Amino acid sequence: MTLLRPRRLAALLAGAAALLGADVASAYTVYVSNEKGNSISVIDSTTLEVKQTVKVGRRPRGITMSPDGKAVYVCASDDHAVQVIDPATLKILRKLKSGPDPELFALHPTGNPLYIANEDDNQVTVLDVEANKVIAQVPVGTEPEGMAVSPDGNTLVATSETTNMAHFIDTKTNKIIGNVLVDARPRFAEFTADGKRLWVSAEVGGTVSVIDPQTRQIIRKIDFKIPGVSRESIQPVGIRITKDGKRAFVALGPANRVAVVNAETFEVEKYLLVGQRVWQLAFTPDEKLLFTTNGNSNDVSVVDVPDLKVVKSIKVGGAPWGVVVSPQ
Amino acid sequence: MLTRVVRLLLPAALLAAAPPCLGLAQAQQPAAVAAETNPPAEAKPLEVRIGLITRAVPPPPLYDLLAVPEDEAVAGAELAVKDNTTTGLFTGQSFALETTTLGEDEDPAQAARTLAANGTRLLIVNLPDAELLKVADAVKDKDAVIFNVGATDDALRAQDCRANVFHVAPSRAMLTDALVQFLASKRWTKLFLITGPQPADLLYAEALRRSAKKFGVKIVADKPWTFGPLGRERSDSITRSDALVFSRGVDADVIVVADEANDFGTYIAFRTYEPRLVVGTQGLTAATWHPAQDAYGSAQLQSRFLRSASRTMRPVDYQAWVAARMIGEATTRTKSADPATLAKFMRTPDFSLAAFKGVPVSIRPWDQQLRQPLLIAQPLDIVSMAPEDGFLHQRTPLDTLGIDEGESRCRLK
C-alpha cells in the first residue's frame, strides 16, 4: 500500500473543499505563449498566479486547445511546426505538420481539422490532427494571419495582412468562395456565437469591420478615439465577443487599452487600460474573466468582465503573444 | 542598356483555387457599403505595368566592405510585384515589372520615353536628383507618374518639385530631423558637425543645421573634413596625427558627420582625443529601413526578402518595395491601372499603406513626399524610431519630420 504524501493529501482535501464550497469560482487553466521567451506560462484562474513555465519550440505565437481540453496546440513559428502539449503533464506529446512558419490557427468546432495560417507562404494548411496529415493547402493573400471557423463549422475565414482581405473558404471543398476587402493589415477574425456576424480587425487601418457572412458585405466599421492617445497608436488586433452577443472586447495594441464595444449598437462603451502593446484576448468559459497578452510589458492583464475593471497584472515570459483558457 | 521583364503569371494551381466569383466588397467611408462585385469568370485581368529605371553600379576600385549590390532597388520592387500579384489573384489584376538598368553613358530620359511609349507609365526611378528631373520632364506630357526612390535632395521637394513625381525616398530634411529629434530627446544638445568635401555632404550639413535650429540643439563647432577618404584606407598605416588632433578640445556631446559617400565617417569613431559618439551619415544614422528591424511584422518582410534576394534588405530596396506596393494598393482600391487615376487617389487623405512601421504611411499633398517614420539605428541595432515621443503636430506627429506645408517652397506644376 502506498501512503499519500502529506502535501498531496492536503491538495486532495483542498480540491474536495473547492468542490463542496458554493462560493468558489471554477478553476480554469490559462496558457500564454511567450514569443521571445520560447515558453508557455501556465496560470491558475483562481489564484491568478503563474503555476509553471514550460519550454516549447522557437517563437511560439498562436495557441489553442481542443474542445475536450485534452490537448494544447502551439504554433512554434521558427520551428515550422505545431506542437501538441498534454495539459495534464505539460509535456510535448507530438509535433504536427504545420507547413512553414505557422503563425495563427483555428480548430474546427468538432476538434478536427486544424486550419493553420502559413504566413511566409501565402497559404492555409488544413491538417488532420489525429492522423497528422495535410488534407489541403489553400492559397490565400500575402501574409495570412487571422483565422476563424464559423460556429456551424461550414466556413473558414483567413485574413491576409498585406493583401488586406478576409478570404471565405468552404470547409467541405477547401476552396475560396469569396473575399472581402477591409482596411490595412487585418490581423484577427472572430465570429459571433450565433454565426451571424464576423468581426475583422485592421491593425494599421485602425478599424474593426463587422461583416455579414451570408452576403459578405461590411455592415459597419468601428473606429476608436481615445483622448490623449494618437490615432496612429490605436491598432486593433484581438477580438472576443460574449456568447450572448452583447459585448465585444477589442485589443488596441500600442494604445495599451482594450475597447469595450456594445456588440448590438457598435458603440464603444469604455476603454480599459492594460499593459503595453496588447494583442490577444481570451475569456474564461464562464466569461467572468478576460486575459490580455501585453507583448511589450511582458505581462498579462486580468479583466473582471461583469465589472469592466482590470483587477490584476501577472508577469509572464518574454513578449507574450497568444492566450487560451481550458474549457473545463 | 539592360532590360529585364518580370511578368508574374497566375499559376494554374492558384487559378484553380480561385473561385469564378472574385467577389470584392469594398466599404466606402464613413459607413456606406458597396456591393460585392462579381466580374465575369472569363474577364481578362487588369494589367498594371510598372517600370524601374536604375543605373548599373560601377565596381569599386578597391575591395569595398559596404559595396552597393547590383540589384539594389530592383530586388525590392520585384518582391512588391510578387506581393501585388498575390492580391491580384483575388481582385482580377496582374502586375508586370520592366527594369531598365542604364550603362555609364546612357540617357535616363530616353529610357523613360521608351517605357512610356510602350505603355509603361508608372515609373520607379532610382537615380540622382538631376537625372530624376530629366526623367520627370521627359515624360511630362505622356501622363506618366514617377516614384523617386533614390534621391534625398530637398530641392526636389522645393523649388524643383514636379507634379508627376512622388518621393518615396525621405528628404535630407526628414533624415536630419529624425536624428536631431533623437539627440534632443536624449538631451545631447551640443553637436560638433564635420562636413565632407562633396556637394551632397554640404547639402546634408545644411539640412542638419536647419534641424538643429528647429529642435533647439546647438552646433558648437562646425569644421570641414580635409584629410581625404581615410575610412577607405584599410591598411595597417592609416593613422594620421593631424586627423587625430583635429577634434581635440571641442566640448561637444556628439560628433555629427556629413559624409554621404562613406569616405571618412567610419574613421572618426574611437580615433578622437576625447571619447565621443558619432552620429549622422555613419555611426548612429536615420534610415527608412535596417536589417535589424523586426517590429511591426517587419520580420515577415525581412524573411520574404532574404528568401527572394539572398541578401538583407537595404533602405533603397525598401523604398522601391514601398513604391511598387503604393501602386498595388492604389490599384486595389480604385480598380484602375490608369496612372493619373492612381496618382489622384494617392494625393487624397483616403490613401494610406501598411509599410511595417506600425503606422500607415501616406502622401503629403504639398510636395508629394511620403510621410513615414524613420529608424534611428547603429550598424547592428535599432535604437529608436522617429518621430520621438513628445514631438507633436496638429496633423500627425509624422509631419514633425521634414518640410511642413507652411514652409514648403514647392509649387506643383
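Nothing in this text is a laboratory measurement; each read-out follows from the coordinates by a stated rule. Source: prediction; values computed, not measured. Neighbour counts run over all protein chains shown; Cβ positions are idealised from the backbone, glycine included.
So what is the relative contact order for the range B:173-287, in percent, with contacts set as C-alpha pairs under 8 Å and at least six apart?
With pairs under 8 Å counted, the relative contact order is 31 percent.
Can you give the local net charge around B:ALA75? Use residues other than it whose beta-carbon is closer than 10 angstrom to its beta-carbon, Lys and Arg +1, Asp and Glu -1.
It works out to a net charge of -3.
Write down the radius of gyration of chain B and its Dmax, each obtained from C-alpha positions, in Å.
Rg and Dmax of chain B, Cα atoms, are 22.5, 76 Å.
If we restrict to alpha carbons, what Rg and Dmax does the protein assembly as shown come to, in Å?
In order Rg, Dmax, the Cα atoms of the protein assembly as shown give 27.7, 97 Å.
If I model a spin label as a point 7 Å beyond the Cα along the Cα-Cβ vector, how far apart are those points for A:LYS70 and A:GLU267 in nm?
It is 4.8 nm.
What is the Cα centroid distance between the range A:248-290 and the range B:242-290, reported in whole angstrom?
47 Å
Which of A:GLU190, A:GLU287, B:GLU98 comes first, and how do the rest follow, when ranked by fewest Cβ neighbours within 10 Å?
With the fewest neighbours first, A:GLU190, A:GLU287, B:GLU98 line up as A:GLU287, B:GLU98, A:GLU190.
If one computes P(r) from the Cα atoms of the range B:173-287, what percent of pairs lie at distances over 17 Å?
It works out to 49 percent of all Cα pairs.
Can you sort B:ASP350, B:ASP71 from fewest to most other Cβ atoms within 10 Å of each residue's own Cβ?
Working: B:ASP350 12, B:ASP71 19.
Fewest-to-most Cβ neighbours within 10 Å comes out as B:ASP350, B:ASP71.
Long-range amide H contacts for A:GLU203: which residues qualify at under 5 Å (H placed 1.01 Å from N, peptide plane, sequence gap of 5 or more or a different chain)?
HN-HN under 5 Å from A:GLU203: A:ARG187.
Would you please name the trypsin sites (Lys or Arg not before Pro) within the range B:105-193 that are DSSP coil residues with at most 11 other C-beta atoms within 10 Å of their C-beta?
Values: sites: B:ARG113, B:ARG121, B:LYS134, B:LYS140, B:LYS142, B:ARG157, B:ARG162, B:ARG172, B:LYS186, B:ARG187, B:LYS190; in loops: B:ARG121, B:ARG162, B:LYS186, B:ARG187.
For trypsin sites (Lys or Arg not before Pro) across the range B:105-193 that sit outside H, G, I, E and B with at most 11 neighbouring Cβ atoms in 10 Å, the list reads B:ARG187.
Put one equal scatterer on each alpha carbon of the range B:248-404, apply the Debye formula with no solvent term, and list log10 I(q)/I(0) at q = 0.16 1/Å to two decimals.
-1.03
Could you work out the relative contact order of chain A, using alpha carbon pairs under 8 angstrom and six or more residues apart, expressed as a whole percent?
Working: 972 pairs, mean separation 40.0, N = 328.
The value is 12 percent.
Taking a quarter of the surface of the convex hull around the Cα atoms of chain A, what do you get in nm²?
With the hull built on Cα positions only, its mean projection is 17.1 nm².
Let me spell out the model: positive unit charges on the Cβ of Lys and Arg, negative unit charges on the Cβ of Asp and Glu, origin at the Cα centre of the protein assembly as shown. What dipole size does that give, in debye rounded to 20?
It works out to roughly 1160 debye.
Considering only DSSP beta bridges where both residues belong to the protein assembly as shown, give the percentage that are antiparallel (nearest 5). Numbers along the way, then the final one.
Working: 123 of 164 bridges.
Just about 75 percent of them are antiparallel.
Taking the Cα centroid of the range A:134-152 and of the range B:360-413, what is the distance between the two, rounded to the nearest whole Å?
For the range A:134-152 versus the range B:360-413, the Cα centre distance is 37 Å.
Sequence gap at least 6, Cα distance under 8 Å: using those rules, report the relative contact order of the range B:307-413 to the nearest whole percent.
14 percent
Quick one: B:ARG307, A:ARG257, B:ARG347, fewest Cβ neighbours within 10 Å first, how do they rank?
Going from least to most buried by this count: B:ARG307, B:ARG347, A:ARG257.
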